[in-house]
Amino acid sequence: MDEGQKKEFKDMFKDKKSTAHRLKPDNFDGSPAADAIAWLDNFRGIAKLNNWSEELQLNAFPLYLRGIAHARFITLADDTKGTVTALFDTLCLFCLRSARLDIKPTAKCAQTCSK
């Protein structure tokens, strides 16, 4: 790699770093009063703004869970923890049940959770 290519590579990497805003999601406890959909939207927005890959989102996700949400997370199957979509959908459904909402998720909820 010549000096010009090295500089181009460094500049490309520098630009990538500068787009990360280093924002952090709030913690989520999964209580009935907590709004899982709003929290997930916020988590996704921060992940996008920080340019988090799917792998980084999967690794960061449990770090922002507390209480019942974290307890539920550690019981999930590896398949569920393996993709952002499966993880978000599971959290959404769990929060609907823990809020004792005697409803099945609406199409809007399923669509919102699967973004």
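Where the second residue is assigned to a helix (DSSP H, G or I) and buried (at least 17 other Cβ atoms within 10 Å of the Cβ) and the first is free of Cβ contacts under 8 Å to residues at least 60 places away in the same chain and lies in the range 61-78, which pairs have Cβ atoms under 6 Å and are six or more apart or on separate chains?
Pro62/Phe73; Leu65/Phe73; Arg72/Phe94
Being of a type outside the set (Asp, Glu), assigned to a helix (DSSP H, G or I) and either modelled with pLDDT of 80 or more or crowded, with 16+ Cβ neighbours inside 10 Å (or both) is the requirement here; does Ala47 meet it?
It is true that Ala47 is of a type outside the set (Asp, Glu), assigned to a helix (DSSP H, G or I) and either modelled with pLDDT of 80 or more or crowded, with 16+ Cβ neighbours inside 10 Å (or both).
Only one residue in Ile37, Ile68 is β-branched (Val, Ile, Thr), surrounded by 14 or more Cβ atoms within 10 Å (Cβ to Cβ) and within 13 Å of Leu87 (Cα to Cα). Which one?
Just one listed residue meets the conditions, Ile37.
What are the residues in the range 22-40 that are assigned to a loop (DSSP other than H, G, I, E, B) and of a type outside the set (Ser, Thr, Tyr), if any?
Within the range 22-40, Arg22, Leu23, Lys24, Pro25, Asp26, Asn27, Asp29, Gly30, Pro32, Ala33, Ala34, Asp35 qualify.
The values are calculated or read from the model by the stated rules, or taken from the named source; none is laboratory data. What you see is a predicted model; the values in this text were computed from it and never measured. Cβ coordinates were reconstructed from backbone atoms using ideal geometry, including for glycine residues, and neighbour counts include every protein chain displayed.
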